[in-house]
1. Can you tell me how many residues within segment 550-598 are loosely packed, with under 14 Cβ neighbours inside 10 Å and among the hydrophobic types (A, V, I, L, M, F, W, C)?
2. Give the residue that is nearest to Gln517 (Cα to Cα), with candidates limited to residues of segment 444-477 that are β-branched (Val, Ile, Thr) and assigned to a loop (DSSP other than H, G, I, E, B).
3. For segment 576-685, list the strands (runs of 3 or more DSSP E) that sit wholly inside it and hold at least 3 residues that are in contact with a Pro (Cβ under 7 Å, 6 or more places away or on another chain); which are they?
4. Looking at segment 286-302, I want the residues that are at pLDDT 90 or above and have a partner that is acidic (Asp, Glu) with Cβ atoms under 6 Å, at least 6 apart or on another chain. Which pairs are those?
5. Answer with yes or no whether Ala451 is surrounded by fewer than 21 Cβ atoms within 10 Å (Cβ to Cβ) and within 19 Å of Ile533 (Cβ to Cβ).
6. Report yes if Glu231 is acidic (Asp, Glu), over 25 Å from the mean Cα position of the chain (by Cα), assigned to a loop (DSSP other than H, G, I, E, B) and within 30 Å of Ser270 (Cα to Cα), otherwise no.
7. For segment 326-349, check the following and say yes or no: at least one residue is in a strand (DSSP E or B), in contact with a helix residue (DSSP H, G or I) (Cβ under 8 Å, 6 or more places away or on another chain) and surrounded by fewer than 18 Cβ atoms within 10 Å (Cβ to Cβ).
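The values are calculated or read from the model by the stated rules, or taken from the named source; none is laboratory data. All figures in this text were calculated on a predicted structure; none of them were measured in a lab. Here Cβ is always computed from backbone atoms with ideal geometry, including for glycine, and neighbour counts include all displayed protein chains.
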Amino acid sequence: MRLEIPVGERPVVLETGKLARQAGGSVTARLGDTTILSTATRSKAPRPGATFLPLSVDIEERMSSAGKIPGGFIKREGRPSERAVLTARLTDRPLRPLFPKGYHHEIQIIGTVLVADQETPYDTVSMLGASAAIALSDLPVEGPIGAVRVGRSLDGDFILNPTYQQISESDLDLVVAGTKEAITMVEAGANEVPEAVMVEALQIAQETVRAQAEAIEAWAAEHGKPNQEVEPADESPVLPELRERYLDRIKDGIVNTNRRARNDALDAISAEATEGLDEEEAAQVSAALYVLEREAFRKLYLQDGKRTDLRRFDEIRPTSAEVQVLPRVHGTGLFTRGETQVLSSLALADLGLAQRLDTIEPQTGKRYMHHYNFPPYSTGETGRLGSPRRREIGHGALAERALVPVVPSEEEFPYALRVISEVLESNGSSSMASVCGSTLALMDGGVPIKAPVAGVAMGLVKEGDEYVILSDIQGLEDHMGDMDFKVAGTRDGITALQMDMKITGVSAELLQEALEQAKAGRMEILEILRGAIAEPRAEVSDYAPRVEVLKIPKDKIGMLIGPGGKTINALQEQFGVNISVEDDGTVYVAGEGVVSKDAASAINGMMKDVEAGEIYNGKVVKTTNFGAFVELTPGRDGLVHISRLAPGKQRVERVEDVVTEGDRIKVRVLEIDKQNRISLEKLEG
């Protein structure tokens, strides 16, 4: 069975009934030649004791999909790539709100990349495949989703599902998912795109995802399984009594500017309500109290028009910014907003330390890297430390994306850059705080960024047609609210977006209102950043390497490298530098202080053709019974015959009577023969 959905200039093709037929739902989704096998399967029985939706989404990349074999010693795919993790998150986020509350069957969605055609990104293909697989299965969801990427041509025209090449030329890379009613997820990178352009792109995307969702829904109605019957969860029998006793107290308790005091008030109510109860009864009461917390929160915001910390809906929490926080580190920024605090540190290195990527995508490396860490102590808790989790990878990628448009090119700033953002405290929007901390660290480190970037997280509380939009949400507002909408950008426009909905979706018009409110908050934060550091420092840190850039003829790259890397390694050891050579003959020399300039001068000297009559101060590298070999420049030696070691052609019995290995002597070039052999004579001095 086949479904073809027109999207822009290229259709999305969905097929089912041939592959993975024992899965709950199975679809191959194709755009261009990029193909994903998506499956959706549930457990037969609910997970015992589950209090949340046990949904897992995994993306399995296969290097054969791009005609590649994994690099390194292990030739089997290992841990998921960053792109696979980010695509799994993209696929998960718009689907999760569609499942009914109280549904506790384990759900596993797997997307296997069968073909990566090197022209078409596979993330939106994965999202559509997963949506169709769920729709064909018996999983009880409110409806399928559509997903589309929107780019913009150099002429300003919007492009649906652009290729990698078109994305590289676009100032917008927007991914939108939604149901036939509304938008449920947004992810974007942009090159300072104005809010008005972003809203227009969202509106175009909304029409596209609506058409996709309707097409998948009709296809599933014809070929899919009947949905599993799910009984609506009964209201807890203890809820009415607890509502009467505690609702007002809970509402009063959550109104507090201090997170710890708020939690203490709720803990006291819980302890009182569960006193003397057995384990099962206490669990029932705790679940009911959680329902009342949500009720109290929504009444406070929609009826009383108040926030838990008594701010205005559009008010940013008290914010501070600081640079030069740590000694010796190449650049640091400390950003604090309310009870969220991030310390960002910059490390600069030569381009040889840029990240190399072994993936199924065309991108082979990147020189700007941002890594985000979220230790348990940031929320006053204990927990396991280890490799970064999906959330940390996702938040780090979002902050990295926000800064990429303002990072200078290799030609302007020939460094590899890595920023590490440590979340020291967290009560909402730590990813946007890491954007601000990264801006401070880059400017403090002397990186000539195009403009400062700031970020703010927006929230939403919505019931029917009533809603309030919240600026700079804290943890409780994220947890209890209906939207987490992160917006980063400069004074001139947006550089990154990320939105997740906990309800079935919102309109582009509501998002436009949220974007305008976010812009006002962003401008306020940018002023605070400028107060800490008005512009990038004129020079990099004394502890950072100095990078010299020079160009050599391509046919002399081999001379610089030498047999087995002998020449370049000798230069690096002699001057204490790192040397990177590009295929086009560009050479980057990185070292502390003036050594990089000295090394660059030596390389330039190597590239210069040796001519008769020139005088060099060379190093004796080898002696023989017929003369001494002298290194003029790295990789270029000449011979001083024994007869020319002494002035006036005096007879020399043994070469070692005049020079030994390691001596530096002044020599003149006599001639260069047809075999490029250099004859020298020793001079006095």
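1. So the count comes out to 1.
2. That would be Ile473.
3. Values: elements: 578-581, 586-591, 615-624, 627-633, 636-641, 664-672, 678-682.
Passing ranges, in order: 586-591.
4. Short answer, once both residue conditions are applied: Leu302/Glu463; Leu302/Glu466.
5. Here the answer is yes, as Ala451 does meet what is asked.
6. Numbers: acidic (Asp, Glu): yes; over 25 Å from the mean Cα position of the chain (by Cα): yes; assigned to a loop (DSSP other than H, G, I, E, B): yes; within 30 Å of Ser270 (Cα to Cα): yes.
So Glu231 fits the description; yes.
7. no
Here is a yes/no grid of residues against (1) at pLDDT 95 or above; (2) among the hydroxyl-bearing types (Ser, Thr, Tyr); (3) more than 26 Å from the chain's Cα centre (by Cα):
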{"position": "Val27", "(1), (2), (3)": "yes, no, yes"}
{"position": "Leu37", "(1), (2), (3)": "yes, no, no"}
{"position": "Arg47", "(1), (2), (3)": "no, no, yes"}
{"position": "Val57", "(1), (2), (3)": "yes, no, no"}
{"position": "Glu60", "(1), (2), (3)": "yes, no, no"}
